[in-house]
Structures are given as C-alpha cells and as structure tokens.
Amino acid sequence: MRLKLSIVAGLSVALAFAGCTPTRGKAETLGSLPRTSRVPLRSFSETQPYTGLALHGNHLYAGTPRGVVRFTLGSRASTRISAKSGLSGNRVSALAASSSSGVWVATEGGLSRYHKDVWTNRPLAGSLRSVTAMVATSAGVWCGSKSGIAYYDGAKWSSYLPGVKVRHLVGDQSGGGVWVATEGEGLYHFEKGKFVPHNVSRGQPLRAVRSLAYAMDGGLFAVGNLSADEGKIGDERLIYYDGRHWTIFRVAPGARLRWVSLVRGRVLLAAEAKGGQSRIFALKRADLSLRGPKKPPIGPLRLAGKRSSTAPSRYPVPYFYTIALELWLPSEATVVEGQGNMVMIGTRGTGAIVYDGKKSTWYRTNDLTGDTQRFKLACETPDACYLAGGGGRAYRFDGQRFARVSVDADANAKVLGFALDGSKKAVAVYRLGDKLVLSRHAGSLFQRVVELPIKTPHGAPGVRFARYAPSGELWIGLDYADKDHEVRPWGVIVIKRDNSYVMHRSSLLPTEDRKPGSLALPDDIRDAMFRKDAAWLATGNGVCFVKGTRVVLHTENEGMQSEITYSVAERDNGEILAATFGGLGRLVGGRWRFDLGNLRGHVTRAVATDKNVMFVGGDEGLLVLRGNERLSVRERDGLSSDQVRDLRIVGNALWVLTAGGISIIERPVNRR
C-alpha cells in the first residue's frame, strides 16, 4: 500500500507502507496461504482500553476505566490502583507526570496526585468537566477539557478559556507555560499570565489541531486540519513555528498525520495510510546552507513547504526529510505520548508499547486470558465465540471485541471452560461451590443442564479442556490445586447424553473403588482429538489411543522423542500429529517420526491442520508448514507473544493463544 504526499511547491513523492493491513477481499481458506502481503492479524490481551500513559521513575502508569495500572519497566510486574487504594475514582481520563511534582491522574472523582509515595486527592476545578488532556509542570499540572483549561499549582485552581474544546497540551520550554491544541479554534499559548490565540490572523492556518511537539531548536510542530471537520478530504497539514513565522506542509488526500512528538531529541511523526496502520518516522531538518543547487532532501517521506501568509518573502523555508523507524502505530491506538526518551502507545485491547529509540517493549496485564494454557473456546459462528478467560470470567467475541458475559444467575459462578455441542451451541462449564455445572446457550441466556459433585484429593476441580466427541459425549480434562497450591492432574470425566458420567484416571481416592466403565487412563490428560469412534489424548505420559475399552499408550518405545505431549491433530491423509516437548511427531505404521519442519528437539506446544497446511506453535512463535515451505509469524509481526500455547481453527481464521493474549489470523504468511 502506498501513501502519496504532495508538496505545495509542486513536488510529489510516494511512501510505501510495508506494514499496512491489506483490505479484505474474497473469502479464502487458510490453506490458500498468500505469500506476499503481511498477515491480517488482530491481537487481544486487555479487557479495558488504556486512556492515558505517563512515565515516572522506573514505572509506567496506564489509565483505564478500572483505575491505574502501574508497570515496572523492564519486567512483567504490575499493580492495579483504584479508588479502594487511594485514587479519586476509577474511570481515568488522563495522566501526566513530572520528576519533581509526581504523577497526576484525572478521574470522574477529581484530581489525584502521587508524590513522595503518597496519594492525595482534590476536586477538579469547577470549570472543568471530563479532563481530555494533561501536562505536568515542576510544581503543578495543566488540565484541559471540553469546557476550557485550568492550572493547579499545588494549592488552588486557576481557570482559562471557558468553552474551548481542548484536544492536546504540551508544556513550553520555559517550564511554566503551555501550548493548547483545540478542536475548532486553532492554537493558544500561555504568555505573560494570559492565553494568546494563534489562528489565521497570525499566520497559523489550522483550526482542528490533533497533536503538538517541540523540536530541539525550539520550534513547534503541530498536525491537524484547516477546517474544524477532521474528516474533510484534502485539508490535512503539518505546520512548523520557529517563534516568529509559520511554515505549512501539505498532505495529499488519502493520508493522515495522526501524531507528532519529541522523543530522545528527535521529532517523531506518525503517518497513516488508508489501510489504517501508521508508521512512525523521525523528522530531520535538511542543511541547505551548503553551496550548490538547492535540491530537496531525499527520504521515504520527503517534506517541503511554503511560508504562511504573514511571513516575509525573505523568510527561508525549512526543508525536512524523514527516517522510517521500525515502529508502527496500531490501528486501535487510543493514546500516544512522548516523554523524555520514550514513546508510549496505549491501545484498546493489547496493552501499551514503550519505544526507547532502539526497541519496543509491550506492557500488558493480560487479564483477558491470564495464565490459561489451552483454549477453552466455543464458536457458534466466527462472530459469536464464547471464551473462558482469566480469573474465571466468561467473554463473548462478536468479531471485533471481547465483552463480559454471564452464564449463570449466581454471581459466584467461576467459568472454567466452553465446548461446542452437536447442534453448534455453546456449553459453559463452571464451578459453583464444590459442584461442576453445565449450562447450554439458549437464545440470549445460558440454561443449566446438569450439576456434578466431583471429588478431588483437595478442593474443587479445575478444567483443562472440554470437547464433545462425535457420539455426543462431553470429555472434560480435570485438575485440582493441592494444599501447597500446586496444580495436579485428575484424569478426565466423560458426560454421556443422558447426563450420567464416568471418570477415567489411573489414581483413585483412598475410599474409592473403580466403577464399571472406568478406564485406567493417565491422570495427566492435556487435550483430546476425536476420530470417528476413537479418541486420541495428549498426556504427560505420551499419546493415548482410546477406542471402547481398548487403551494404547504410545511412549518412547514407539519412537516418541518426548512423552510430554501437549496437542494432537489429524492431517487430511489421516496421519496423526503430536506436538511434544521434543518436537512435532507423526505416526507412520505404528511408529512415531520427528521429521517435519526441522522441529526435532524443539518444544512444540500446539498443532492444527487445514487442508494440506500445518500450523505449529511453540516457544519461538507460530510456524506454517506446507510441503517444503516453512513460514513464520512472530511477535515482531504483531503476534501477542512468541510463546504460543494453543491453536484453534475457527472458520477461515486461526486463533492463537499465547503468553501475551490471543491473536486472530485470517491468512497467515511469513514476514517479508
């Protein structure tokens, strides 16, 4: 996809966005495997969007509708701060930070300040409604809203610009002033105790301004629109102010400049193509003072401009060129901030990115899936999927978002899994007290089907997986937490069509006798795959084949490189595949061979097949194998993590469960 940038002086250039999401075309199967375009991939890890970001000390502060999440930089550790722990409210609308004045948080309940390890709260200024932008100073904080701007100096509020809709704020280099970007009234600058407008009469052409940034030379950059209508085609501009005059840079229709900021001494600019993904560039001013012809600088995004109407003819027009960074702005970005040496990007459902000029690091709570090791998923259609997520919560995916859903009127229900029955309806598996309960989706509600009093050596059971066999029986893998909180396997329970059930496991309770029909299967059953009237089980003791009362356990004696098996799948030719700790195996003539994809000795945790294509997940991302081709999708391509835990094919999409959340891939391809 290419983004065309027109220069007012008559020049034009084209910018190739190697990372833009392709537009959707006709439906294709996963097996079609296009080879050239980047993968259309969506990732999800958070259940709440990030509404503000700030850095302070060794921590990243992220605002959400459920309080502030404080991440420790360089680690996965995080702490949630809410009204219960000292915040003025839970719905955070903006954040700011200063090394001297601390962290400032605006919520529906007022203004909170974290300073010297203590949270203090006070009401917002009466002139402010919901705060939309903040910038901290050495002693206080500026707060902008849809109804004006106010400054809090640590003791009292001072209000300005009533009725002005504030979009973005940036502190000026004097340390106490501020530049204000508005939705329809251009710019304002706080000078000598009052706000001075910068609009058309002063040579500043923008009315709707999205973002502001200072340059190292003291100049100011802004991006926005000539009109108050940000959707109007053809009036996007980048402008530069050197303290006296404005220079205007034109952007051609189809392009959008989303954001500009100063980071590590460089001005960074995000430019968006029609596909929705923005690449980030570093602006560099060209040195045209050298003798010789004045040639426009070269670069992937060539910039040149014209003087504003108020600038004298002798005013030298600056030229800039850009350096493309290995950093993209996600289409679902909700907030972008530059602070010190860092770029911070908050998203709607995948956490926050911190870019230090060399590498990007994701920060996530991963509260959508938590430490879930296998998909507990039932998709009635690709746009109606039910997921058992982290913390015993259930979610419904509508094709775009994950939203909480209730499976029982009892709020204490802890959802442990979902399965899809023979009529393509989702069945929830959850725990109420010491009972395991099943509820079936009917209309807009879930209705209880059966309650099972399952006993374990310690406490209530957990669920590893839940799958329906072609016979209509529901197989549920069980575990439990012992007195030391170690998770222990507890075999499988098979629930028959009449809701009677039988347990299969090798271990028995001291007071328990093996019941009729119960098989001595391995306790450590991790997943199941059904083929006609037989079951193939992935266990910690090898691959277990079950047909009726016949049980065959495939171990190292049958050629397994490792008996620790995570997943089992079947190819179109009937060949059985096993993802194991020792690589990807295939069963040929009763023996296991580990000769696929050069994966012998590599940990593979999941395998799925679609026509003649195999998808393999492990600790090094996702591999797509077709014949002699070996293609990869990694975290650098947008995968939520390189540590893949499970795979599931849903319609024409591949769902990937990772340590960082869920990624949904429609047409997996390799990184170019």
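The values are calculated or read from the model by the stated rules, or taken from the named source; none is laboratory data. From a predicted model like this one, the values you see are computed outputs, not experimental measurements. No Cβ is skipped: glycine too gets one built from the backbone with ideal geometry, and neighbour counts run over all protein chains shown. Calculation scope for accessible area: heavy atoms of the full protein, side chains included, ligands and nucleic acids excluded. Shrake-Rupley method; radii C 1.70, N 1.55, O 1.52, S 1.80 Å.
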- Could you grab the pairs with beta carbons closer than 7 Å, sequence gap of 6+ or different chains, first residue in region 435-451 and part of a strand (DSSP E or B), second one hydroxyl-bearing (S, T, Y) and open to solvent by less than 30 Å² (accessible area, probe 1.4 Å)? V437/Y430; F446/S439; Q447/S439; R448/S439; V449/S439
- Read through the list (1) touching a Leu at 6+ places or on another chain (Cβ under 9 Å); (2) farther than 20 Å from E337 by Cα, then give the number of the only condition that N90 fails. (1)
- Within region 512-524, is there a residue that is outside any loop (DSSP other than H, G, I, E, B) and open to solvent by less than 30 Å² (accessible area, probe 1.4 Å)? no
- How many of the residues making up region 476-507 are over 26 Å from A419 (Cβ atoms) and open to solvent by 50 Å² or more (accessible area, probe 1.4 Å)? 4
- Looking at V616, V624, which one is in contact with a Pro (Cβ under 9 Å, 6 or more places away or on another chain), under 22 Å from N573 (Cα atoms) and open to solvent by less than 70 Å² (accessible area, probe 1.4 Å)? V624
- Which residue out of V568, V552, V543 is assigned to a strand (DSSP E or B) and surrounded by fewer than 19 Cβ atoms within 10 Å (Cβ to Cβ)? V552
- Task: Looking for whichever is over 23 Å from A528 (Cα atoms), assigned to a loop (DSSP other than H, G, I, E, B) and more than 36 Å from the chain's Cα centre (by Cα) here; the options are H485, H458. Which one fits?
- Result: H458
- Of all the residues that make up region 600-613, how many are open to solvent by 20 Å² or more (accessible area, probe 1.4 Å), among the β-branched types (V, I, T) and under 25 Å from A534 (Cβ atoms)? 1
- Task: Output the number of residues of region 571-599 satisfying the condition of being surrounded by 15 or more Cβ atoms within 10 Å (Cβ to Cβ) and of a type outside the set (V, I, T).
- Result: 17
- Message: Could you check region 362-401 and list, in sequence order, the residues that are in contact with a Gly (Cβ under 8 Å, 6 or more places away or on another chain), among the basic types (K, R) and farther than 24 Å from M529 by Cβ?
- Response: R364, R401
- Return the total of residues in region 627-646 being open to solvent by 10 Å² or more (accessible area, probe 1.4 Å) and in a strand (DSSP E or B). 5
- Item | Residues located in region 525-540, provided they are among the small types (G, A, S), in contact (Cβ under 8 Å) with a residue 24 or more places away in the chain and assigned to a strand (DSSP E or B) | A528, A535, A538
- Of (1) open to solvent by less than 10 Å² (accessible area, probe 1.4 Å); (2) more than 26 Å from E46 (Cα to Cα); (3) in contact with a helix residue (DSSP H, G or I) (Cβ under 7 Å, 6 or more places away or on another chain), L654 satisfies all except one. Which? (2)
- Within region 121-166, can you find the residues that are of a type in the set (A, V, I, L, M), in a strand (DSSP E or B) and farther than 23 Å from G184 by Cβ? A136, V141
- Query: Quick check, is G203 open to solvent by less than 20 Å² (accessible area, probe 1.4 Å) and in contact with a helix residue (DSSP H, G or I) (Cβ under 9 Å, 6 or more places away or on another chain)?
  - Reply: no
- Can you give me the ranges of the strands (runs of 3 or more DSSP E) entirely in region 321-422 with at least 3 residues that are more than 28 Å from A54 (Cα to Cα) and either without any contact (Cβ under 8 Å) to a residue 60 or more places away in the chain or open to solvent by less than 20 Å² (accessible area, probe 1.4 Å) (or both)? 384-388, 394-397, 414-420
- Message: Considering only region 46-58, I want to know if a residue exists there that is in contact with a Gly (Cβ under 6 Å, 6 or more places away or on another chain), farther than 30 Å from V644 by Cβ and not polar (S, T, N, Q).
- Response: yes
